[in-house]
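The values are calculated or read from the model by the stated rules, or taken from the named source; none is laboratory data. Here the structure is a predicted model, which is why all the values come from computation and not from measurement. A quick note on method: Cβ atoms are made from the backbone with ideal geometry, for glycine too, and the neighbour counts reach across all protein chains shown. Areas reflect the complete protein model, heavy atoms only, side chains present, ligands, DNA and RNA absent. Shrake-Rupley method; radii C 1.70, N 1.55, O 1.52, S 1.80 Å.
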Amino acid sequence: MACSLIDPYSVYSGMKIFSLSARPPLLFALLTLILSGCDDTSERPADHRKTWQAPVITVFEDTLDEEYTVVGSIVAEKRIDISSRISGYIHQLPLQEGDAVKAGDLIVVLDSRDVENAVSQAQAAVDATRAVFNDIEADLARFETLLRQQSISDVQVRKARLQRDTAVENLNAAKAALSAAIAQRQYVRILSPTAGIVTTRHKQPGSLATPGAPLLTIESRDELKFETFVAESQLAKIRADDAVTLKVDNAAELIKGKVSQIIYAGDPVTRSYKVNVSLPPLTHIYSGMFGAATFIVGQSNNVTVPTSALVDNGGLTGVFVVDEEHVARFRWLRIRRHWPDKVEVASGLSAGEKIVSEPPTGLREGGLIQTPDTAGE
């Protein structure tokens with residue numbers, strides 16, 4: 001305890017020292033007792049902080065991929081509108097929206113009466129033209145015999161031959177019409193051209209089917225793709241066949257795809273361009289599902305720290321930085337990206353600083369950190 005030497009017969013009052021002409025015994029004893037305390041040279045006990053055994057590492061910058069993430073949806077590569085090639089009333093339409101179909105399954109049956117009537121009419125026309133042809137063929141044979149006997153003129157034979165040729169053409173036309181009418185029978189029963197799921201049912205049984213008007217819409221699950229739109233600023237950084245990581249809400253794991261198509265015709269309002277990502281065959285993914293696609297658009301250097309170094313301090317996530325005196329100081333960090341074993345630091349930490357890689361339970365601000373290389377210090 002340090003004290004200044006003052007005449008025991010003087011008193012400090014305000015900023016001045018006044019001498020006491022009178023020296024009362026009580027005051028003299030009190031001042032003597034106070035000044036005697038100046039002889040106590042004992043020191044205050046040292047502040048011993050708790051020492052912790054913990055590993056310390058120096059953080060460095062890593063070369064990391066720059067990622068660009070956009071949202072999109074799963075769509076079917078094949079979306080087929082099933083329509084009829086002939087007119088007819090729908091006799092059977094057993095499928096409902098959401099039903100699964102296989103290639104070759106019967107999906108629509110039309111009323112066949114009109115088709116059968118057309119076949120009957122075509123067959124009757126063939127029979128009639130054949131009868132005419134047979135009659136003309138017989139007349140021509142008779143005329144040729146008479147011509148050899150010089151009983152008729154050449155003109156009559158030429159006319160008979162012309163009639164025979166016309167009858168042949170008419171018979172061939174009738175046969176072609178019959179073949180076309182018979183071919184209509186195959187369009188009465190409509191089969192699914194692919195395996196997939198019925199997404200839309202446009203008609204009901206009893207409705208009139210006309211050529212080109214859709215009856216059902218089927219989406220194939222054999223080929224699915226992820227459809228998204230990328231900003232104009234990122235378009236030049238994306239190429240066909242680039243690897244893409246997809247996170248679909250219904251999928252527990254990430255899906256690996258690749259860029260299959262870039263549509264270089266942007267939306268003039270949003271300044272975005274459509275990009276299609278091909279997907280591997282999956283059983284738990286369906287069209288219409290929402291997800292996010294992550295593209296690699298470059299590389300950058302940034303600080304990373306192991307996940308084991310992160311601590312929660314009053315709701316703030318950070319690390320313990322170790323200074324030159326081996327004292328742990330909590331530092332709040334702003335985290336940018338997470339990986340299973342490390343995180344990318346957006347701000348709060350610089351390369352070359354030392355941190356506690358595995359903070360022990362109970363470590364607090366100001367604790368001393370001891371590592372094997374500092375144990376003797």
Quiz prompt | For a label point 7 Å along the Cα-to-beta-carbon line of T200, residues of region 218-232 with backbone N under 18 Å | solution = 218-221
Quiz item: Where does each of 320-327, 247-254, 353-360 land if you order them by average Cβ count within 10 Å, highest first?
Solution: 353-360, 320-327, 247-254
Quiz item: Separation between the V168 and D241 pseudo-spin-labels, each 7 Å from Cα along Cα→Cβ, expressed in nm?
Solution: 6.0 nm
Practice problem: Could you tell me what percent of the accessible area of region 187-334 is made up of carbon and sulfur, with a 1.4 Å probe and every protein chain present? | Solution: 52 percent
Quiz item: What percent does the relative contact order of region 83-224 come to when contacts are Cα pairs within less than 8 Å and at least six residues apart?
Solution: 46 percent
Self-check item: Given charges at beta-carbon only (K, R positive; D, E negative), |dipole| of the chain in Debye
Solution: 1540 debye
Quiz item: Which value, in debye to the nearest 20, gives the size of the charge dipole of region 207-260 about its Cα centre, when Lys and Arg are +1 and Asp and Glu are -1 at the Cβ?
Solution: 140 debye
Exercise. Return the distance in nm (one decimal) between the two label points of a simple spin-label model at Q96 and T307, each offset 7 Å from Cα along Cα→Cβ.
Key: 4.5 nm
Quiz item: Once label points are set 7 Å from the Cα along Cα→Cβ at both Y286 and D65, what is their separation, rounded to one decimal in nm?
Solution: 3.0 nm
Quiz item: Using helices alone, what [θ] at 222 nm do you get for the chain, with -39,500 (n - 2.57) per DSSP H run of 4 or more residues, divided over all residues and rounded to the nearest 500?
Solution: -7500 deg cm²/dmol
Quiz item: Which net charge results when you count Lys and Arg as +1 and Asp and Glu as -1 among the other residues whose beta-carbon is under 13 Å from that of L178?
Solution: +1
Exercise. Run down the lysines and flag those whose C-alpha is under 30 Å from the C-alpha of K274, throwing out any fewer than 8 positions away in its chain.
Key: K78, K225, K237, K247, K256, K258
Quiz item: Does anyone have the angle between helix 113-148 and the longest principal axis of the chain? Alpha-carbon axes, 0 to 90°, nearest 10?
Solution: 40 degrees
Quiz item: Per residue, how much accessible area does region 138-216 have with a 1.4 Å probe, in Å²?
Solution: 60 Å²
Quiz item: Near F290, within a Cβ-to-Cβ distance under 15 Å, what is the net charge of the other residues, with Lys and Arg +1 and Asp and Glu -1?
Solution: 0
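Based on alpha-carbon atoms only, what is the radius of gyration of the chain relative to the globular estimate 2.2 N^0.38 Å?
2.34
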Quiz prompt | Solvent-accessible area per residue, Å², over region 249-338 with all protein chains present [probe radius 1.4 Å] | solution = 58 Å²
Quiz item: Working out 0.36 nm times the residue gap between A183 and S207, then minus their Cα-Cα distance, what length gain in nm do you get to one decimal?
Solution: 6.4 nm
Exercise. About the Cα centre of region 131-215, how large is the charge dipole given +1 on each Lys and Arg Cβ and -1 on each Asp and Glu Cβ? Please answer in debye to the nearest 20.
Key: 440 debye
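In nm, what is the difference between 0.36 nm times the number of residues separating E77 and D114 and their Cα-Cα distance? Don't skip to the answer; put the middle values down first.
Details: separation 37, 0.36 × 37 = 13.32 nm, distance 3.65 nm.
Length gained between E77 and D114: 9.7 nm.
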Practice problem: Select from T200, L178, Q121 the residue farthest towards the positive end of the dipole of region 113-219; place +1 on Cβ of Lys and Arg, -1 on Cβ of Asp and Glu, and compute about the Cα centre. | Solution: T200
Practice problem: Mind checking the full-extension length gain between E253 and A124? Use 0.36 nm per residue of separation minus the Cα-Cα distance, one decimal, nm. | Solution: 39.8 nm
Quiz item: Carbon and sulfur atoms: what percent of the 1.4 Å accessible area of region 42-184 do they account for?
Solution: 49 percent
Exercise. Calculate, for R49 and Q299, the FRET efficiency according to 1/(1 + (r/R0)^6) with r their C-beta to C-beta distance and R0 45 Å; round to the nearest 0.05.
Key: 0.55
Quiz item: Nearest 0.05, what FRET efficiency do Q156 and A131 give at R0 = 30 Å with Cβ-Cβ as r?
Solution: 0.85
Self-check item: Positive minus negative residues near D165 (Lys, Arg vs Asp, Glu; Cβ under 14 Å)
Solution: +1
